[in-house]
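Read the structure below first, then the notes.
The values are calculated or read from the model by the stated rules, or taken from the named source; none is laboratory data. What you see is a predicted model; the values in this text were computed from it and never measured. Ideal geometry is used to build each Cβ from the backbone, glycine not excepted, and the neighbour counts take in all protein chains shown.
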Amino acid sequence: MNREIFPFIIGYQDQSAIVDKSLYQRHRRSSIEQLLEERLFKPALARALIDNDTAGMQRVLQAYNELTPNPYPNVDILKKAMGIPVVPEGVKRFLFL
């Protein structure tokens, strides 16, 4: 999986990943902290996940929980809620929309 593209995937169809082209173009080189400053929690979590950055995932959880009245108890629940529990394999192409 491509590190720059993964945070901006919004869905899958067969062996293709559907990518938010606008967000990708604006933020593909953004760090986790920069994504959090923009309140882009899902891309920030996906960036930490693909980098296998446990501390980054915790920063996303903390930042998210500071802004919500219903905090998530741990990173695994947050990943499931945001629809990115794992880095997918088998993606053959990317569709930019």
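Kindly establish whether Ile32 is touching an Asp or Glu at 6+ places or on another chain (Cβ under 9 Å) and among the hydrophobic types (A, V, I, L, M, F, W, C). Can you show your working first?
Working: touching an Asp or Glu at 6+ places or on another chain (Cβ under 9 Å): yes; among the hydrophobic types (A, V, I, L, M, F, W, C): yes.
In short, yes.
Examine the stretch 64-81 for a residue that is of a type in the set (D, E, K, R) and under 11 Å from the mean Cα position of the chain (by Cα), and state whether such a residue exists. Give the steps one after another, and end with the answer.
Of the residues in the stretch 64-81, the ones of a type in the set (D, E, K, R) are 66, 76, 79-80.
After this cut, where a residue has to be under 11 Å from the mean Cα position of the chain (by Cα) as well, the list is 79.
Yes: one or more hits.
Quickly run through the stretch 11-39 and pick out the residues that are in contact with a helix residue (DSSP H, G or I) (Cβ under 6 Å, 6 or more places away or on another chain) and assigned to a helix (DSSP H, G or I). I'd like the intermediate steps shown before the answer.
So the first thing to find is which residues in the stretch 11-39 are in contact with a helix residue (DSSP H, G or I) (Cβ under 6 Å, 6 or more places away or on another chain), and the list is 19-20, 23-24, 32, 35-36.
Answer for the stretch 11-39, where residues must be in contact with a helix residue (DSSP H, G or I) (Cβ under 6 Å, 6 or more places away or on another chain) and assigned to a helix (DSSP H, G or I): Leu23, Tyr24, Ile32, Leu35, Leu36.
What number of residues within the stretch 50-59 satisfy the criterion of being modelled with pLDDT of 95 or more and either touching a helix residue (DSSP H, G or I) at 6+ places or on another chain (Cβ under 7 Å) or charged (D, E, K, R) (or both)?
5
Quick check on my filter: what residues within the stretch 60-97 are outside any helix (DSSP H, G or I), at pLDDT 95 or above and within 23 Å of Leu23 (Cα to Cα)?
Phe96
Can you name every residue in the stretch 1-41 that is of a type in the set (A, V, I, L, M, F, W, C) and surrounded by fewer than 17 Cβ atoms within 10 Å (Cβ to Cβ)?
Taking the stretch 1-41 as the starting set, the residues that turn out to be of a type in the set (A, V, I, L, M, F, W, C) are 1, 5-6, 8-10, 17-19, 23, 32, 35-36, 40-41.
Selection gives Met1, Ile10, Ile18.
Please go through the stretch 47-97 and give me each residue that is touching a Phe, Trp or Tyr at 6+ places or on another chain (Cβ under 9 Å) and of a type in the set (Gly, Ala, Ser), ordered by number.
Passing the criteria: Ala63, Ala81.
Quick one: how many residues across the stretch 11-21 are closer than 17 Å to Met82 by Cβ and in contact (Cβ under 8 Å) with a residue 60 or more places away in the chain?
Qualifying residue count for the region: 5.
For the stretch 40-59, which positions are over 22 Å from Pro71 (Cα atoms) and outside any loop (DSSP other than H, G, I, E, B)?
Scanning the stretch 40-59 gives a single hit, Ile50.
Quickly run through the stretch 1-50 and pick out the residues that are farther than 18 Å from Phe96 by Cα and among the acidic types (Asp, Glu).
Listed by number, the residues that qualify are Glu33, Glu37, Glu38.
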